[in-house]
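Beneath this line is the structure, given in structure tokens, with notes to follow.
What follows draws every value from the coordinates through simple rules; no lab data is involved. All of these numbers come straight from a predicted model, not from anything done at the bench.
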């Protein structure tokens, strides 16, 4: 079974490469670049078994294809509050026309990831979630 990276791990690899590349303006094949990336990412990654995948994600030319192949897709859920509003109606997290989240009593389903919920300041433990 091939190990898949999470979105967070993917982003960490991309940010690390982009930062090192911008600071030192090194080409991909420069051994110093590889050492810098390894120094930055050493903890939390298995460089012996995953180096080809890490390098494919770091490389801007192969990044999109590598993401499709090596990054786990985040699951989306419908989120319903464990508490009702003052009238006893169920409350759902939805996304308004401007793209911002809100709590609504109308059932306007929007599938959202747990990362999106956290990013907007909601505690996922306060909601029931139903996988899409």
**Asked** In degrees from 0 to 90, rounded to the nearest 10, what is the angle of the helix 7-24 Cα long axis to the longest principal axis of the chain?
**Response** 40
**Prompt:** Which whole-number percentage describes the relative contact order of the stretch 15-67, with Cα contacts under 8 Å and a sequence gap of 6 or more?
**Reply:** 28
**Asked** Taking only C-alpha pairs under 8 Å that are 6+ residues apart, what is the relative contact order of the chain in percent?
**Response** 22
**Asked** What number, in percent, do you get for the relative contact order of the stretch 76-131 if the mean sequence gap of Cα pairs under 8 Å and at least 6 apart is divided by its residue count?
**Response** 43
**Prompt:** What's the angle, to the nearest 10 degrees (0 to 90), between helix 31-41's Cα axis and the longest principal axis of the chain?
**Reply:** 30
**Request:** For n ≥ 4 DSSP H runs only, could you compute -39500 (n - 2.57) per run for the chain, divide by its residues and tell me the 222 nm figure to the nearest 500?
**Result:** -12500 deg cm²/dmol
**Request:** Could you work out, for the chain, what percent of all Cα-Cα pairs fall into each 10 Å distance bin, beginning at 0 Å and stopping at the bin that holds the largest distance?
**Result:** 11, 32, 22, 20, 12, 3, 0
**Fill in**
Computed over the chain: longest principal axis from alpha-carbon atoms vs helix 47-58 long axis, angle to nearest 10 degrees, is 80
